[in-house]
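The values are calculated or read from the model by the stated rules, or taken from the named source; none is laboratory data. Being a predicted model, the structure only gives us computed values, none of them experimental. Ideal geometry is used to build each Cβ from the backbone, glycine not excepted, and the neighbour counts take in all protein chains shown.
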Amino acid sequence: MVLETLDVTDSAGIGALALKYRGKPVDLLLLNAAQGPTPQTAVLSLAKIDFTTAGDSFAVNAIGPMQVTQAFYDSVAASGRKLIVAISSDSGSLEASVKKPILYNYKASKAALNMYMHTLSFETPRKGITLVMLHPGTVKTNPGLMRIPGALETPDAVGRIVALIDKLTPADNGRFMDNRGETMPW
C-alpha cells in the first residue's frame with residue numbers, strides 16, 4: 001500500500017503527483033479532503049457568512065477532490081479494484097444535516113462534493129469504476145466534536161470505513177452511505 005498526502009488546492013502538486021503515477025494502476029483513490037468548520041466559521045446568521053472563507057471551503061471540500069479525481073481517473077481505470085471513495089459528511093445532505101443556521105460554508109461545500117461525485121457516478125461505469133461517497137460518522141477530531149454524544153474515536157471511525165471499503169462492489173456505484181453501509185439521504 002502506498003499513501004500520498006496532497007494539498008487538493010495545489011494544481012501544480014496534483015499534476016506532479018499524477019505524473020509520478022502515470023501508467024501505474026491506482027486501486028483505491030480515497031479523497032479525504034476537508035476544511036471543516038471552526039468556531040469562527042460556524043456562523044449563526046446570514047449576515048455573518050464570510051464569502052472568502054466560503055470560496056476556500058468549496059476549493060478544499062468540492063473542487064479539489066474533483067480535480068484530483070480528474071487527474072487520477074485513468075490510473076484508477078487501469079487498476080484491478082477500480083474504486084474511488086470520497087469522504088463526505090451528513091452535513092452535505094439536505095435531509096440529514098443539522099437543521100440550524102450553522103456551518104453554512106461547510107454544509108454547502110460538502111453538498112457540492114456530493115453532487116460532483118453523484119454526477120460522475122453516471123460516467124464511471126463506462127470505465128468499470130465504482131464511486132461512492134461515505135459519511136464517516138461524527139469523529140472526535142476537534143474539541144467541539146469531542147463533546148458530541150456517540151462521537152467516534154478516530155481509530156474506530158477508520159476501522160469502520162476500511163471494513164466498508166473492503167465490501168464495496170460495482171452495485172454500490174453512486175451511493176452516499178454512512179459508515180455502516182446504510183444509504184444516506186440526499
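A few remarks follow.
- Test result for ALA47, loosely packed, with under 15 Cβ neighbours inside 10 Å, in a helix (DSSP H, G or I) and either hydroxyl-bearing (Ser, Thr, Tyr) or at pLDDT below 95 (or both): yes
- Residues that are part of a loop (DSSP other than H, G, I, E, B) and of a type in the set (S, T, N, Q), drawn from the stretch 1-41: THR5, THR9, ASN32, GLN35, THR38, GLN40, THR41
- Test: PHE176 is among the hydrophobic types (A, V, I, L, M, F, W, C), loosely packed, with under 13 Cβ neighbours inside 10 Å and at pLDDT 95 or above: no
Listed here are the residues, each with its yes/no results for (1) in a loop (DSSP other than H, G, I, E, B); (2) at pLDDT 95 or above; (3) surrounded by fewer than 21 Cβ atoms within 10 Å (Cβ to Cβ).
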position	(1), (2), (3)
LYS99	yes, no, yes
TYR106	no, no, no
SER109	no, yes, no
ALA112	no, yes, yes
MET115	no, yes, yes
THR119	no, yes, yes
PRO125	no, yes, yes
LEU131	no, yes, no
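- Failed criterion for ILE84 (all others in (1) at pLDDT 95 or above; (2) surrounded by fewer than 15 Cβ atoms within 10 Å (Cβ to Cβ) hold): (2)
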